1. Conditions: (1) part of a loop (DSSP other than H, G, I, E, B); (2) modelled with pLDDT under 95. PRO166 meets all but one. Number of the miss?
2. Output the number of residues of the stretch 223-273 satisfying the condition of being at pLDDT 85 or above and surrounded by 10 or more Cβ atoms within 10 Å (Cβ to Cβ).
3. Could you list, ordered by first residue, the pairs with Cβ atoms under 9 Å in which the first is in the stretch 182-209 and at positive phi and the second is near the ligand (Cβ under 9 Å from one of its atoms) and outside any loop (DSSP other than H, G, I, E, B), at least 6 apart or interchain?
4. Would you say ALA160 is under 30 Å from ARG32 (Cβ atoms), near the ligand (Cβ under 10 Å from one of its atoms) and either touching a strand residue (DSSP E or B) at 6+ places or on another chain (Cβ under 6 Å) or not in a loop (DSSP other than H, G, I, E, B) (or both)?
5. Run down THR119, THR132 and say which single residue is surrounded by fewer than 17 Cβ atoms within 10 Å (Cβ to Cβ) and touching a residue at least 12 places away in the same chain (Cβ under 8 Å).
6. Kindly indicate the residue of the stretch 174-187 that is surrounded by fewer than 19 Cβ atoms within 10 Å (Cβ to Cβ) and over 11 Å from VAL251 (Cβ atoms) and also nearest to the ligand (Cβ to nearest atom) among those meeting that condition.
7. Please go through the stretch 150-181 and pick out each residue that is of a type in the set (D, E, K, R) and without any contact (Cβ under 8 Å) to a residue 60 or more places away in the chain.
8. Residue check: is GLN72 in a helix (DSSP H, G or I), surrounded by 13 or more Cβ atoms within 10 Å (Cβ to Cβ) and within 16 Å of the chain's Cα centre (by Cα)?
Amino acid sequence: FRSDGTVEAVAGTTRDVTELDRANQALQEADRRKDEFLATLAHELRNPLAPLRNGVELLAVAEDLGAVSEAQAIMGRQVDHMVHLVDDLLDLSRVSRGVIELRLDHNDLVDVLNMAADTNRPLIAARGHRFTMELPKEELHVHGDATRLAQIFGNLINNAAKYTDPGGRIAVRAERQGDRVRVSVSDNGIGIQASQLHRVFDMFAQVEDGQGHSGGGLGIGLHIVKRLVEMHQGGIEARSDGLGAGSTFTVTLPLSKVEAKADPAPKASVRKHRVLIVDDNVDAAFTLSLMLKKKGHDVHATYGAKEALDLAAGF
Ligand code: ADP
């Protein structure tokens, strides 16, 4: 101020907080998605429990073999579903920490695709889909982890079966493109809106189709698939002409030049073994020992390390 009190000069500072604000919003969004994810997770893990419990009760009262095997089949399917969810969860954390290790090998693409298809055959049959595979005549080899490669295509086929109304069509096509192979998994199912296509590979993404379709998943499968494809130096893209128009997921992988390894040595025939089981999960150890005994092995189950060490020497 001047001596007469009028303003002489004004000084100020301006700070651009746009970045900070954006980061803040991104954090809030991530937090919200995680909350949503936890709710979905709880829901999806609980879903198989009701049929499992019913199965247990059915086994207790079943009077004929037919009822027993029906209960068994239901329980088997539900447990498989839970195992699938939990495996995905474990993979998700491994993928985000970057600690997935690939067991690299040269794999025949046909074997990989057959493995992927086989795990989905029960679901495809249950939903009455028509499933076709179009494979190239020449042998193609892919360098990678056979189990993970099968997981990639298995997941895409699984989604195609889930997100297509019963009686649909699912097609797997593989074709060589120079030194790469393109594998597409198409369905004539519910499709994906253009505005949502870029989101399907995001973590926790579940696309709203406006008709309340839910595949009973966690929205993490495609995120894991994309990371696995990238770990194999490949790429993946999703295409759809919109809701109701089906979807196509295409994976491109580099071909390996080395010939596949010779057939593995024939497996030794099953012999009777002495098996010592050690697990502090008493139920797990007990059921495993029952199963192995049924197969004719000599089994001992123990529940602690000390006890196991004592037994190991003599048994
Ligand atoms: P989810 O466990 O929900 O199946 P994914 O990561 O495998 O999770 O898929 C993410 C979302 O992408 C799904 O929830 C679904 O909305 C959409 N999606 C995936 N595959 C298909 C498909 N073949 N047809 C239509 N929508 C699909």
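1. PRO166 satisfies all of (1) part of a loop (DSSP other than H, G, I, E, B); (2) modelled with pLDDT under 95 except (2).
2. 35
3. Close Cβ pairs satisfying both conditions: GLY191/SER240; GLY191/SER247; PHE204/THR40; PHE204/HIS223.
4. Answer is yes for this residue.
5. Checking each option against the conditions leaves just THR132.
6. Restricting to residues being surrounded by fewer than 19 Cβ atoms within 10 Å (Cβ to Cβ) and over 11 Å from VAL251 (Cβ atoms), the top hit is GLU175.
7. LYS162, ASP165, ARG169, ARG173, GLU175
8. It is false that GLN72 is in a helix (DSSP H, G or I), surrounded by 13 or more Cβ atoms within 10 Å (Cβ to Cβ) and within 16 Å of the chain's Cα centre (by Cα).
The values are calculated or read from the model by the stated rules, or taken from the named source; none is laboratory data. It should be emphasised that the depicted structure is a prediction, and the values quoted were computed from it without experimental measurement. Here Cβ is always computed from backbone atoms with ideal geometry, including for glycine, and neighbour counts include all displayed protein chains.
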